[in-house]
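Only the coordinates and a few stated rules stand behind these numbers; no lab work does. Keep in mind the model is a prediction, meaning the values are calculated, not measured. FYI the Cβ positions are ideal-geometry reconstructions off the backbone, even for glycines, and counts take in every protein chain you see.
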Amino acid sequence: MLSLPTVPLRESWVRGTIATLCKQNGLPFFSDRAGNLWVNASSPEEIKSSKLVFVAHMDHPGITIDNFYMQGSTVISEGQWHGGGPARLIGQPVMIFSDFNAGTSFLGTIVQHSVKDERPGKVVIKSTDKDNDWAKLSTETKRFGPWGACLFFSEIPNGVSLRKDIWRTKAADDLISVSVILDSLIKTAQTGVIALFTTDEEEGMNGAYAALNEHIASPDTVAFSIEVTDYSFAGVQLGNGPIIRYGDSETQFTLPVIEKITDLAKAFQGQNTAFRYQIQGTSKGVTEGTAFSRYQFPIGGLSLALKNYHNKAPNGEAVPEEVSATDVNALSQFLPFLIQNWK
């Protein structure tokens, strides 16, 4: 999952992988009109009767490609950056990918970009891929479109690596949460517990609001925002366990739900002495918990400590995101326990 390219509204590689894993493991799923994926339910009626919904998003900040043109024998791409991200991008490698034809991609380098309010804007990319005759794309791009571009790091050419307990990846936020939720649903195979994997979160939680506006889920369902947490702001540490979130920068989550999560974490720790967890009372980011709270859902939150949030190093350069493998494994063990013991 972490190796897949994804940017806002260009999430088909992730969506297709989720669908494949669901089919392989007998989990029903369907897509709503906004492009969100609902997992472990085959209809809106099943969703309305569910007791728990785990929410994570399929996108990550990156570029939507608006135009291709030829400059000599070189393909030039123009696009727009969506979501927060590093301000220093000149010379940064990217992977340009077709959102229509998964598997079609080529490499490029950002040669121009604008910055507004310390965020990237318009981006110009020069193709650097020499293995394919991409000049042919000048007349065929629509057939393979739409296109996106995500950051590419030569030190992790496959998009993800594990070294000394640290997963380094181009997009832990929020694909690591998608992975953990999906794994937990496969392990538990419990009815009444569903997942919502949303589109276009980085541009204002548009997928979540689209689903909520359709009233597909019932406010009687407890919603869990499964996210990542910028460790440098929240006073949490990589390797100290998953995080119980009391809220985000806009919303205080539902206290009885938080207390119940905490009680289950203590119970799980009693059975697994190596298990540790952390408490997060502050956050600089808004999560989809805020969207669900505005529609009167009871909200809980769990997250993983993240280094280099949105690929931003302290000096503004682009770097891979990092999470602890120990934390990921702990959340993957705790979440099925929570599902099975939620009353």
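Given 0.36 nm per residue, what is the gain on full extension from Phe30 to Lys48 after removing their alpha carbon distance, in nm?
Result for the pair: 5.1 nm of gain on full extension.
For a quick check: with amide H placed at 1.01 Å from N, whose amide H comes under 5 Å from Lys312's, ignoring anything fewer than 5 positions away on the same chain?
Placed amide hydrogens put Val319 under 5 Å from Lys312.
Post the alpha-carbon centroid distance, segment 234-295 to segment 86-100, in whole angstrom.
If we compute the Cα centre of each part, the gap is 33 Å.
Rounded to whole Å and ordered largest first, report the semi-axes of the equivalent ellipsoid of segment 236-343 derived from its Cα gyration tensor (root of 5λ).
In descending order the semi-axes read 24, 20, 10 Å.
Less than 14 Å Cβ to Cβ from Gly91, Lys/Arg counted +1 and Asp/Glu -1: what total charge do the surrounding residues give?
In short, +1.
Can you give the convex hull volume of the alpha carbon atoms of the chain per residue, in Å³?
Value for the chain: 129 Å³ per residue.
Under 5 Å between amide H atoms, partner at least 5 residues away or on a different chain: which partners does Asp66 have, H built in plane at 1.01 Å?
Amide H to amide H, under 5 Å and 5 or more residues apart or across chains, Asp66 pairs with Glu78, Gly79, Gln80.
Listing Ser98, Ser161 from the residue with the fewest other Cβ atoms within 10 Å to the one with the most, what is the order? Could the numbers behind the result be given before it?
Working: Ser98 23, Ser161 16.
Ordered by Cβ neighbours within 10 Å, fewest first: Ser161, Ser98.
Give me a comma-separated list of calculated 3J(HN,Hα) values for segment 26-41, in order, Karplus coefficients 6.51, -1.76, 1.60 applied at θ = phi - 60°, integers in Hz, x for any Gly or Pro.
For segment 26-41, the Karplus-derived couplings read x, 9, x, 7, 7, 9, 8, 5, 7, x, 5, 10, 9, 10, 6, 8 Hz, x marking Gly and Pro.
Taking other Cβ within 10 Å of each residue's Cβ, how do Cys150, Cys22 sort, fewest first? Mind dumping the intermediate values first?
On the way: Cys150 24, Cys22 20.
Starting with the residue having the fewest Cβ neighbours, the order is Cys22, Cys150.
Calculate one ³J(HN,Hα) per residue across segment 96-109 by plugging θ = phi - 60° into the Karplus curve 6.51 cos²θ - 1.76 cosθ + 1.60, and present them in order as whole Hz with x for glycine and proline.
8, 9, 7, 8, 9, 10, 4, x, 8, 7, 8, 9, x, 10
Along Cα→Cβ, 7 Å out, is where each label goes; now give me the distance between the ones at Lys266 and Ala102 in nm to one decimal.
4.3
If you consider only alpha-carbon coordinates, what radius of gyration and Dmax does segment 137-259 have, in Å?
Taking only Cα atoms of segment 137-259, I get Rg and Dmax of 18.1, 58 Å.
Per residue of segment 262-271, in order, report the coupling 6.51 cos²θ - 1.76 cosθ + 1.60 (Karplus, θ = phi - 60°) as ³J(HN,Hα) in whole Hz, putting x for Gly and Pro.
5, 4, 5, 5, 5, 5, 5, 5, x, 8
Filter Lys116/Lys312; Lys23/Lys260; Lys116/Lys307; Lys116/Lys284; Lys51/Lys187; Lys23/Lys48 down to the pairs with a C-alpha to C-alpha distance above 27 Å, please.
In this structure, Lys23/Lys260 lie more than 27 Å apart at Cα.
So how much slack lies between Ala313 and Lys187, counting 0.36 nm per residue of separation and subtracting their Cα-Cα distance, in nm?
Numbers: separation 126, 0.36 × 126 = 45.36 nm, distance 3.58 nm.
Once the chain is fully extended between Ala313 and Lys187, it gains 41.8 nm.
Quick one: of the DSSP bridges fully inside the chain, what percent are antiparallel, nearest 5? Spell out each step's value before the answer.
Working: 55 of 77 bridges.
So the antiparallel bridges in the chain amount to around 70 percent.
What whole-number distance in Å separates the alpha-carbon centres of segment 37-74 and segment 143-176?
Cα centroid to Cα centroid, the span is 16 Å.
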